[in-house]
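The values are calculated or read from the model by the stated rules, or taken from the named source; none is laboratory data. Model, not experiment: these values are computed from the prediction. Here the Cβ positions follow ideal geometry from the backbone for every residue, glycine too, while neighbour counts run over all protein chains shown.
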Amino acid sequence: MVKEAFNKLSDDKKKTIIKCGIAEFSKKSYSEASTDEITKNSGISKGILFHYFGSKKDFYCFCLEQALEKLNAEPTHEPGANDFYEIIFSFMEEKISLCREFPEEMQFVNMAARESNSQVLEHKNAVLVKFMIKAKEKSAQVMKRAVTALNLKNTNTEKIIDAFNLYTGAIINKYLEMYKEKPDMFFQKTDEIKDEIKEYLDYLLYGVVKGDRK
């Protein structure tokens with residue numbers, strides 16, 4: 001729980017403390033991360049850190065929420081794409097751009113997803129689930145817009161949207177699992193991954209779209 005005293009700090013000081021926390025947690029497991037290192041780099045004492053947040057666990061989860069907020073930020077404008085693939089890949093590029101902009105936040109979330117320390121496990125899982133639900137809701141909105149751009153056969157549109165969400169979710173998870181130990185490789189292979197995703201989606205589109213496939 002964030003104490004009122006922390007909220008009364010200047011924005012710059014709050015950002016410094018959060019940044020130092022994310023930097024430490026992005027490099028080490030929960031048990032290995034040092035609050036001494038965090039407080040030294042942020043210019044406060046350990047007692048003050050715990051006064052603001054209560055415990056290392058609460059500070060960890062607060063930093064995790066802050067990292068996820070940045071990585072799931074809403075775009076400043078809606079993309080103007082109106083093609084099925086343009087809409088999907090525009091959304092994908094938007095997410096990749098945020099990961100590139102906030103590499104320590106991305107690494108922290110990657111570390112947190114694999115964190116198994118019993119002291120923080122339940123709390124951090126609750127934070128991750130909350131943001132996963134929000135991310136799935138956003139993905140569903142994007143997929144609905146993308147599917148609407150298709151020339152569909154006379155069939156159940158809602159079920160097609162659900163099918164695409166399940167299918168693309170499985171494809172993305174394949175690559176996240178493949179590169180979980182080397183996230184930088186994911187960015188290096190973005191074009192290759194997009195080509196493969198398009199190939200997979202073409203399999204699903206066959207028999208759904210009217211007319212010839214391009």
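What is the number of the single condition among (1) within 21 Å of the chain's Cα centre (by Cα); (2) surrounded by 15 or more Cβ atoms within 10 Å (Cβ to Cβ) that Phe84 does not meet?
It is condition (1) that Phe84 fails.
Going by the conditions given, is Glu24 within 20 Å of the chain's Cα centre (by Cα) and surrounded by fewer than 14 Cβ atoms within 10 Å (Cβ to Cβ)?
no
Please count how many residues of the range 117-143 are surrounded by fewer than 18 Cβ atoms within 10 Å (Cβ to Cβ) and over 12 Å from the mean Cα position of the chain (by Cα).
So the answer is 11.
Being of a type in the set (D, E, K, R), under 22 Å from the mean Cα position of the chain (by Cα) and under 20 Å from Ala23 (Cα atoms) is the requirement here; does Glu104 meet it?
When the stated conditions are applied, Glu104 passes them.
Among residues belonging to the range 31-66 that are closer than 20 Å to His123 by Cβ and in contact with a Leu (Cβ under 9 Å, 6 or more places away or on another chain), point out the one that is surrounded by the most Cβ atoms within 10 Å (Cβ to Cβ).
Checking each candidate, the answer is Leu64.
One line per residue, one yes/no per condition, for (1) at pLDDT 95 or above; (2) touching a strand residue (DSSP E or B) at 6+ places or on another chain (Cβ under 8 Å); (3) not aromatic (Phe, Trp, Tyr):
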| position | (1), (2), (3) |
| --- | --- |
| Ser34 | yes, no, yes |
| Lys40 | yes, no, yes |
| Leu64 | yes, no, yes |
| Leu68 | yes, no, yes |
| Asp83 | no, no, yes |
| Phe91 | no, no, no |
| Glu94 | no, no, yes |
| Ser97 | no, no, yes |
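Among the residues of the range 60-71, is any among the aromatic types (Phe, Trp, Tyr), over 25 Å from the mean Cα position of the chain (by Cα) and more than 30 Å from Leu201 (Cα to Cα)?
No.
Output the residue which, of all residues in the range 1-21 that are polar (S, T, N, Q) and assigned to a helix (DSSP H, G or I), is surrounded by the most Cβ atoms within 10 Å (Cβ to Cβ).
It comes out as Thr16.
Among the numbered conditions (1) basic (Lys, Arg); (2) in contact (Cβ under 8 Å) with a residue 60 or more places away in the chain; (3) exposed (fewer than 13 other Cβ atoms within 10 Å of the Cβ); (4) within 25 Å of Phe84 (Cα to Cα), tell me where Lys153 comes up short.
(2)
Going by what's in this entry, would Lys180 be described as surrounded by 10 or more Cβ atoms within 10 Å (Cβ to Cβ), of a type in the set (Lys, Arg) and at pLDDT 80 or above?
Taking the combined requirement at face value, the residue does not satisfy it.
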